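Derivation of every value follows stated rules applied to the coordinates shown; laboratory data play no part. Not measured: the values here are computed from a predicted model. Every residue, glycine among them, receives a Cβ derived from its backbone with ideal geometry; neighbour counts consider all protein chains shown.
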Number of protein chains: 2
Amino acid sequence: MKQLTDKQKAIFDSTLMLIREHGFHGTTMSQVAKKAGVAAGTIYHYFESKDKLISELYNYNRNLTIEVIDNSLSEKHSFKENFYHLWEALHQFYIDNTQILIFFEQYVNSPYKADKNNAYSHSRLLSFFEEGIKNGYLKKVSPKLAMVLTVSNIAIAAKMHKFGNPEAGSTSMEQMRDIFWDGIAV
Amino acid sequence: MKQLTDKQKAIFDSTLMLIREHGFHGTTMSQVAKKAGVAAGTIYHYFESKDKLISELYNYNRNLTIEVIDNSLSEKHSFKENFYHLWEALHQFYIDNTQILIFFEQYVNSPYKADKNNAYSHSRLLSFFEEGIKNGYLKKVSPKLAMVLTVSNIAIAAKMHKFGNPEAGSTSMEQMRDIFWDGIAV
DNA sequence: ACCGCTTGAATGAACGTTCAATCGTTTTGC
DNA sequence: GCAAAACGATTGAACGTTCATTCAAGCGGT
């Protein structure tokens, strides 16, 4: 993972926070500059345009997320254990970094992103699901489908945990994980 | 449902298409005017501002969607049949109106929407899930959780059907519906 | 003295919104 | 029945603001 300078990090953090608060539109470069504690021109020393800033911000957080996913999987554990670890790790990551989740959801539905399909299509996660299906732990579906469904449902779970209203009651991470597991497992 | 004039309908349709293509930002009032075949000023005869236009567009499509949901449920059928009908109807609606789905997803993550929780919280659908849980068809979870999970997964299924790449193979509506049903049903 | 980083006022384009003028239809007065 | 007035709908050029971006000048380390 590319190392960022303090300034770059401050600019990324400010942009994420502002986008969460005001959306893509409504987040201006001078707001970003002010929040990051730099002058407007400084942003352009590191990023050639607002669009480039946003797409690099996406790539950076996408790599962060992939790291979280990859670190949750280990050959030492059973498939179901790995599935549970994946769920727990990504769920926690999204709860701790809701601004990243919100940003992703805005980004994939935005014109910034041309190819909306490969947000999580990195080989490690995909082969995890391929193995699970081949070895009979999961239903015989497309591995890509299993992967996208899993990641999407973790995001839903994290959002419900974070924004869910009290009526939803004791909606636990485990509860949603088990609902999904019961559906996808053989 | 409030009846719209031809002009209002044209403005709504153009806005939806443009937002799908260019996002909230990037969709300008003059683009909307041009696509709708009216002058810029005419939009302001019907909608007091861009923000108001977008929030009224949201309410309009939200009501459309609620109508689809309500029409899919009937007291004449069993719970599981109703669940299947709901899935099929909403799935088809989202496939036929992907621009509405994209718009919803942008909207709920945008600053336009203050309360992000009650997008589908209309009483008919909620009581359908309440009944299902009370009568032992579904797992003992919060009805709201069951509702949100269902609606979210139908949206995912519709998006995969529409944007999914060929690798995903014969990903059918029935397949995803059954995965979800197996997870939520007792 | 050099050089890369930083500044923030200046710039010009683009945007949402306004409004005086125009158009087409309906109502009024006779 | 008809002209005229009234009315709401429509137009699009013009307005003022805001924004992304630029760049000449300054700063600080070497």
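Amide H contacts of residue A:138: A:133, A:186, each under 5 Å away and 5 or more positions distant or on a separate chain (H built 1.01 Å from N in the peptide plane; Pro and chain starts excluded).
Of all lysines in the structure, those lying under 23 Å Cα to Cα from residue A:9, and not within fewer than 8 positions of it along the same chain, are A:34, A:35, A:50, A:52, A:113. Basic side chains Lys and Arg get +1 at the Cβ, acidic Asp and Glu get -1 at the Cβ, and with that the dipole of segment A:58-184 about its Cα centre reaches some 360 debye. About its Cα centre, segment B:1-47 has a charge dipole of approximately 60 debye under the convention of +1 per Lys or Arg Cβ and -1 per Asp or Glu Cβ, with nothing else charged. Ignoring lysines fewer than eight residues from residue B:134 along the same chain, the ones with Cα atoms less than 19 angstrom from its Cα are B:76, B:80, B:144.
Within chain A, helices built from complete DSSP H runs that reach 20 Å or longer along their own axis (Cα positions) and carry a mean Kyte-Doolittle hydropathy of 0.5 or higher are A:143-163. Taken along the Cα-to-beta-carbon direction at a fixed 7 Å, the label points for residue A:46 and residue B:131 span 5.6 nm. The value for the protein assembly as shown of Rg(Cα) / (2.2 N^0.38 Å) is 1.03. The ranking of A:140, A:76, A:35, A:9 from fewest to most other beta carbons within 10 Å of each one's beta carbon is A:76, A:140, A:9, A:35.
Sorted ascending by nearby beta carbons within 10 Å, beginning with the fewest, B:139, A:34, B:159 become A:34, B:139, B:159. Per-residue extension of 0.36 nm, minus the Cα-Cα distance of residue B:55 and residue B:174, leaves a gain of 39.5 nm for this segment. Toward the positive end of the charge dipole of segment B:55-184, with +1 on the Cβ of Lys and Arg and -1 on the Cβ of Asp and Glu, the farthest Cα among B:61, B:84, B:135 is that of B:135.
Can you tell me the mean projection area, over all orientations, of the convex hull of segment A:1-47's alpha carbons? Units nm², please.
Taking a quarter of the hull surface, the average projection is 3.3 nm².
Comparing A:21, A:131, A:75 in a Gaussian network model of chain A, where Cα atoms under 10 Å apart are tied by springs, the biggest mean-square fluctuation is seen for A:75.
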